[in-house]
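Novice: Handing you this structure, nothing more for now.
The values are calculated or read from the model by the stated rules, or taken from the named source; none is laboratory data. Values in this document were obtained by computation on a predicted structure and should not be read as measured data. When we count neighbours, we look across all protein chains shown, and the Cβ atoms used for this are built from the backbone with ideal geometry, even at glycine. These accessible areas exclude ligands, DNA and RNA; they are computed on the full protein's heavy atoms, side chains included. Shrake-Rupley method; radii C 1.70, N 1.55, O 1.52, S 1.80 Å.
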Amino acid sequence: MEYVFDIAAMDFSVAGEASSSIKKTLRQIGIDNAIIRRVAIATYEAEINVAIHSNGGTITCLISSEWIKIIAKDNGPGIKDIDKAMQQGFSTATKEVREMGFGAGMGLPNMKRCSDEFDLQSTFGEFTRVEMTLYI
Ligand SMILES: Nc1ncnc2c1ncn2[C@@H]1O[C@H](COP(=O)(O)OP(=O)(O)O)[C@@H](O)[C@H]1O
Ligand SMILES: [Mg+2]
């Protein structure tokens with residue numbers, strides 16, 4: 001199964017919709033609650049990152065009998081220093097975004113922690129792609 005969600009840049013009115021929709025689907029097909037929780041956290045952080053840091057992109061959820069994959073792909077601007085971005089507490093979020101409650105710098109570390117496999121690819125000036133796999 002494949003589900004694709006468009007994520008617009010800075011559209012906070014729909015922030016969290018992809019993760020709650022995926023959560024609902026996983027519940028319907030009887031996935032273990034502990035796995036659903038990890039998928040929901042990882043997806044939420046990924047979609048917020050696309051919304052607050054990128055020019056827009058997509059969240060794709062792929063489900064097989066063995067794993068759940070969440071892929072966040074956006075249209076830039078990309079990440080300058082991936083090692084730095086992965087550090088707990090590192091954030092380039094603007095004051096405005098922080099005032100809305102985002103930008104604690106814990107998104108990427110949490111996404112990695114919640115995943116069995118975590119792959120982050122980014123070319124500065126071009127795109128960011130995060131692929132997270134959770135085994136069922
Ligand atoms: N999709 C993205 N596009 C561009 N930069 C990103 C993206 N995701 C993360 N980053 C960069 O990595 C940093 C750390 O991300 P994260 O751990 O989620 O913290 P936060 O979102 O709270 O800033 C961000 O502040 C930003 O600089
Ligand atoms: Mg984040």
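Novice: Quick one: would you say residue 78 is more than 16 Å from ligand 2 (Cβ to nearest atom), farther than 24 Å from residue 20 by Cβ and among the small types (Gly, Ala, Ser)?
Specialist: No, not satisfied.
A quick yes/no check of all residues on (1) within 24 Å of residue 11 (Cα to Cα); (2) near ligand 1 (Cβ under 8 Å from one of its atoms); (3) surrounded by fewer than 17 Cβ atoms within 10 Å (Cβ to Cβ):
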{"residue": "33", "(1), (2), (3)": "no, no, yes"}
{"residue": "72", "(1), (2), (3)": "yes, yes, no"}
{"residue": "111", "(1), (2), (3)": "yes, yes, no"}
{"residue": "127", "(1), (2), (3)": "yes, no, no"}
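The rows are residues; the columns are (1) in contact (Cβ under 8 Å) with a residue 24 or more places away in the chain; (2) in contact with a Lys or Arg (Cβ under 7 Å, 6 or more places away or on another chain); (3) hydroxyl-bearing (Ser, Thr, Tyr).
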site: 1; (1), (2), (3): yes, no, no
site: 6; (1), (2), (3): yes, no, no
site: 30; (1), (2), (3): no, no, no
site: 34; (1), (2), (3): no, no, no
site: 43; (1), (2), (3): yes, no, yes
site: 56; (1), (2), (3): yes, no, no
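Novice: I'm trying to understand the selection: among the residues of segment 87-105, which are surrounded by 15 or more Cβ atoms within 10 Å (Cβ to Cβ) and either under 26 Å from residue 4 (Cβ atoms) or touching a residue at least 40 places away in the same chain (Cβ under 8 Å) (or both)?
Specialist: Passing the criteria: 93, 97, 102, 103.
Novice: Could you please let me know if residue 52 is among the β-branched types (Val, Ile, Thr), within 11 Å of ligand 2 (Cβ to nearest atom) and either more than 30 Å from residue 136 (Cβ to Cβ) or open to solvent by less than 30 Å² (accessible area, probe 1.4 Å) (or both)?
Specialist: Numbers: among the β-branched types (Val, Ile, Thr): yes; within 11 Å of ligand 2 (Cβ to nearest atom): yes; either more than 30 Å from residue 136 (Cβ to Cβ) or open to solvent by less than 30 Å² (accessible area, probe 1.4 Å) (or both): yes.
Answer is yes for this residue.
Novice: Tally time: how many residues in segment 89-136 are touching a strand residue (DSSP E or B) at 6+ places or on another chain (Cβ under 9 Å) and among the hydrophobic types (A, V, I, L, M, F, W, C)?
Specialist: The total comes to 10.
Novice: Consider residue 58 carefully, then state whether it is hydroxyl-bearing (Ser, Thr, Tyr), open to solvent by 20 Å² or more (accessible area, probe 1.4 Å), within 13 Å of ligand 1 (Cβ to nearest atom) and farther than 22 Å from residue 129 by Cβ.
Specialist: no
Novice: Could you list, in sequence order, all residues of segment 84-136 that are hydroxyl-bearing (Ser, Thr, Tyr) and over 18 Å from residue 52 (Cβ atoms)?
Specialist: Listed by number, the residues that qualify are 115, 123, 133, 135.
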